[in-house]
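Read through the structure below, which is laid out as structure tokens, and then see the notes.
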Amino acid sequence: MSLAIISPGRDASVWVENFKKLDPSIDIQVYPDISSPEKVEVVTLWNHPSGILSDFPNLKLICSMGAGVDHILTDESIPSDIPITRIIDDKLTISMTNYVVMAVLNHHRQIKRYQADQLRRIWDMSNPEIPVTVGVLGVGELGGDIADKLLNLRFEVIGIGNSPKENLDYEYYFGDQIHKFLSKINILVCMLPLTPETEGILNLEFFRKCQKGTYLINVARGKHLIEEDLLTALDEGYISGAMLDVFQKEPLPVEHPFWNRNEITITPHIASVTNPGAAAPQIIENYHRVQKSQPFINQINRKRGY
Ligand code: NDP
């Protein structure tokens, strides 16, 4: 039995090192040097070449090397009965929450305005805080922590998800209540998984349901956002500005109009990066669970797509 790492363009050696530290006996094959595909029962993936998993006749488990699984589920050749797991990890959650809290505070305390004032030596003490109500679209592992931490900072927070939830400390909507949700908030944090239902959700029709001047923070996936619609929504005033970590095409092409928009702050998909040291134990745990035929940890629901 062996574990294959398939993450083209990324350095797999740090993963090998962490896996070996946890289980020195494990047999690891790193793509593209897979000499015995028939031995591979577990694969761990990031942006694998589509169709490649059909090379492994004895595959029993697919592990994402990150929190998202959209990069796996877009490969339609993967048999529907193979379980898929993802990373849920405190370090990942803390980084994401810190990023979003930073973005909310920067907007609330208008850091761009004061940076521009400084350049022109302007001392303007008027209206130092923008009153905000933060809407978190997707209150799962990451969005749930963001909502809790913002609540601790005494922000008004409203969440929205797919299913009913109880015992939350903030107002929560689900299903088709997006209109109500958007009418109450003026910062929107997109923390959704990328699924057929959520692809392109941040479009002009959606933005026109927002309160004028809503600030957008997208840290989920680039494909949630119709990028030209954001430019229109900025021009129409529904959106006042945006902090974006993810884009339709990454790296963001140099000729992309976002680079020239002062209302948009760009970061290069770094909101929260998987730490191999923190993520390796759960992959190795699941590798051992294949050996013992036990249920997996952090398994996603193939039907829901997250
Ligand atoms: P979870 O699966 O834990 O949470 C997803 C949440 O979204 C759930 O609350 C779910 O609702 C909700 N949801 C799903 N579909 C819909 C829908 N159609 N309408 C409304 N709500 C919906 O995911 P995580 O929080 O762990 O991660 C979210 C995403 O963040 C990842 O999939 C990944 O794409 C992205 N990410 C980005 C990173 C970056 O660096 N930029 C780093 C890590 C992750 P319910 O609970 O009711 O099912």
Seminar exercise, completed: Checking Gly175, Gly200, Gly161 in turn, the sole residue that is modelled with pLDDT under 95 and within 16 Å of the ligand (Cβ to nearest atom) turns out to be Gly175
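Any idea which of Ala242, Ala271, Ala220, Ala280 is assigned to a helix (DSSP H, G or I), crowded, with 20+ Cβ neighbours inside 10 Å and either in the same structural domain as Gln110 (by TED's automatic domain parsing) or modelled with pLDDT of 95 or more (or both)? Working first, answer last.
On the way: Ala242 fails: assigned to a helix (DSSP H, G or I); Ala271 fails: assigned to a helix (DSSP H, G or I); Ala220 fails: assigned to a helix (DSSP H, G or I).
It is Ala280.
Within the range 174-190, is there a residue that is in a loop (DSSP other than H, G, I, E, B) and among the polar types (S, T, N, Q)? Give the steps one after another, and end with the answer.
Filtering the range 174-190 for residues in a loop (DSSP other than H, G, I, E, B) gives 175-177, 185-186.
Add one more test, that the residue is among the polar types (S, T, N, Q), and what stays is 177, 186.
The answer is yes; a qualifying residue exists.
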Exercise. For the range 1-31, which residues satisfy the criterion of being part of a loop (DSSP other than H, G, I, E, B) and touching a residue at least 24 places away in the same chain (Cβ under 8 Å)?
Worked result: Met1, Ser7, Pro8, Gly9, Arg10, Asp23, Ile26, Asp27, Tyr31
For this session: Tell me, please, whether a residue that is within 16 Å of the ligand (Cβ to nearest atom) and not acidic (Asp, Glu) can be found in the range 117-131.
Result: no
Exercise. Taking the range 52-74, which residues are away from the ligand (no atom under 16 Å from the Cβ) and surrounded by fewer than 17 Cβ atoms within 10 Å (Cβ to Cβ)?
Worked result: Ser54, Asp55, Pro57, Asn58
Problem set entry | Candidate set: the range 187-197, residues that are surrounded by fewer than 21 Cβ atoms within 10 Å (Cβ to Cβ) and not acidic (Asp, Glu); chosen: the one nearest to the ligand (Cβ to nearest atom) | Thr195
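Among the residues in the range 135-158, are any in contact (Cβ under 8 Å) with a residue 40 or more places away in the chain, surrounded by fewer than 21 Cβ atoms within 10 Å (Cβ to Cβ), part of a loop (DSSP other than H, G, I, E, B) and within 8 Å of the ligand (Cβ to nearest atom)? Break it down into steps so the answer makes sense when it comes.
Step one: of the range 135-158, the residues in contact (Cβ under 8 Å) with a residue 40 or more places away in the chain are 135-143, 145-146, 149-150, 153, 155.
From what's left, surrounded by fewer than 21 Cβ atoms within 10 Å (Cβ to Cβ): 140-141, 145, 149, 153, 155.
Restricting the remaining residues to those that are part of a loop (DSSP other than H, G, I, E, B) gives 140, 153, 155.
Add one more test, that the residue is within 8 Å of the ligand (Cβ to nearest atom), and what stays is 140.
Yes, that holds for at least one residue.
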Exercise. Quick one: in the range 262-288, which of the residues that are without any contact (Cβ under 8 Å) to a residue 24 or more places away in the chain and closer than 30 Å to Val16 by Cβ is farthest from the chain's Cα centre (by Cα)?
Worked result: Glu285
Exercise. Regarding Lys180, is this residue within 11 Å of Ile160 (Cα to Cα) and more than 12 Å from the ligand (Cβ to nearest atom)?
Worked result: yes
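Only one of Ser35, Ser95 is assigned to a loop (DSSP other than H, G, I, E, B), among the hydroxyl-bearing types (Ser, Thr, Tyr) and modelled with pLDDT of 95 or more. Can you tell me which? Even if it seems obvious, please write down each step before you answer.
Details: Ser95 fails: assigned to a loop (DSSP other than H, G, I, E, B).
On inspection, the qualifying residue turns out to be Ser35.
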Problem set entry | All positions within the range 77-111 that are free of Cβ contacts under 8 Å to residues at least 60 places away in the same chain, aliphatic (A, V, I, L, M) and either buried (at least 17 other Cβ atoms within 10 Å of the Cβ) or in contact with a strand residue (DSSP E or B) (Cβ under 7 Å, 6 or more places away or on another chain) (or both) | Ile78, Ile82, Val101
Seminar exercise, completed: Pairing a residue in the range 243-261 that is in contact (Cβ under 8 Å) with a residue 24 or more places away in the chain and within 19 Å of Gly200 (Cβ to Cβ) with any residue that is of a type in the set (D, E, K, R) and more than 14 Å from the ligand (Cβ to nearest atom), where Cβ atoms lie under 6 Å and the two sit 6 or more apart in sequence or on different chains, gives Gln248/Glu227
Problem set entry | Condition check for His107: in a helix (DSSP H, G or I) and more than 30 Å from Ser126 (Cα to Cα) | no
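The values are calculated or read from the model by the stated rules, or taken from the named source; none is laboratory data. Only a predicted model underlies this, so the values are computations on that prediction, with no experimental measurement involved. When we count neighbours, we look across all protein chains shown, and the Cβ atoms used for this are built from the backbone with ideal geometry, even at glycine.
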